[in-house]
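Here is the structure we will look at.
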Amino acid sequence: MAPASTRARTPARPGRVRGVGRPTSNDAVAIVTGGSRGAGRAIARELASRGYAVALVYLRDQCDAESAVDEILAAGGTALTVRADVADALDVERLFDETKAAFGDVVLVVHAATQSASVVTSQAARRLRHGGAIVDVAGSDAIPPALAAELRARDITVIGLAPGTESPGGDEDFRELVAVLERWVE
């Protein structure tokens with residue numbers, strides 16, 4: 001049987017999971033919501049270039065998501081697409097299940113989708129590996145005190161970035177962000 005990272009799989013709910021690539025040697029696994037375009041795509045690409053296995057989450061545009069994964073794979077990275085609605089608790093639970101089945105425990109969640117991050121953050125609080133990190137680049141939600149306490153107890157770092165009026169400066173900005181993230185999750 002092929003390793004999980006090289007099998008095409010069909011999820012329990014509507015959508016498609018597609019992924020191939022080399023298994024990661026450093027056990028660094030990231031979920032990137034909104035990873036099919038814009039900031040999410042650039043961050044997913046940068047994480048993969050640094051050895052992360054990336055679960056790239058999309059809701060509507062399968063072609064963009066598959067194109068982003070193809071870029072990662074062409075560069076020698078490991079990635080898969082997962083169709084999931086990040087505002088739906090069952091979809092987000094399935095997202096974490098499928099990512100873990102393919103790559104192992106998730107250490108980093110980057111929320112770049114325009115939808116609310118609350119469901120993803122709640123699931124990450126239960127499922128991230130101890131010492132992991134959550135990054136919200138969409139600037140969508142504050143974290144309730146009870147959830148913050150749960151995250152603190154598991155040594156999970158939360159970074160929230162508020163979107164500005166200027167567009168990001170390109171790939172260099174994302175490389176710097178990922179470099180900062182690596183310090184927290186090492």
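The residue pairs whose first member lies in segment 141-163 and is within 13 Å of LEU128 (Cα to Cα) and of a type outside the set (Lys, Arg), whose second member is modelled with pLDDT of 85 or more and assigned to a loop (DSSP other than H, G, I, E, B), and whose beta carbons are closer than 6 Å, counting only pairs six or more residues apart or on different chains, are ASP155/HIS130; ASP155/GLY131; ILE156/LEU128; ILE156/GLY132.
For segment 69-90, the candidate set comprises residues that are within 15 Å of GLU46 (Cβ to Cβ) and outside any helix (DSSP H, G or I); within that set, the residue that is nearest to the chain's Cα centre (by Cα) is ALA79. Within segment 120-134, residues that are assigned to a strand (DSSP E or B) sit with their Cβ atoms under 8 Å from residues that are buried (at least 22 other Cβ atoms within 10 Å of the Cβ) and of a type in the set (Ser, Thr, Tyr), at 6+ positions apart or across chains, in these pairs: ILE134/THR121. Taken together, ALA39, ALA65 contain a single residue that is assigned to a helix (DSSP H, G or I), at pLDDT below 90 and out of contact with any His (no Cβ under 8 Å at 6 or more places or on another chain), which is ALA39.
Yes/no per residue for (1) surrounded by 11 or more Cβ atoms within 10 Å (Cβ to Cβ); (2) at pLDDT below 65; (3) not in a helix (DSSP H, G or I):
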{"position": "ALA146", "(1), (2), (3)": "no, no, no"}
{"position": "ALA149", "(1), (2), (3)": "yes, no, no"}
{"position": "VAL158", "(1), (2), (3)": "yes, no, yes"}
{"position": "GLY164", "(1), (2), (3)": "no, yes, yes"}
{"position": "PRO168", "(1), (2), (3)": "yes, yes, yes"}
{"position": "VAL178", "(1), (2), (3)": "yes, no, no"}
{"position": "GLU182", "(1), (2), (3)": "yes, no, no"}
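A residue that is polar (S, T, N, Q) and more than 14 Å from GLY34 (Cβ to Cβ) occurs somewhere in segment 105-120.
The values are calculated or read from the model by the stated rules, or taken from the named source; none is laboratory data. Model, not experiment: these values are computed from the prediction. Backbone-built Cβ (ideal geometry, glycine too); neighbour counts: all protein chains shown.
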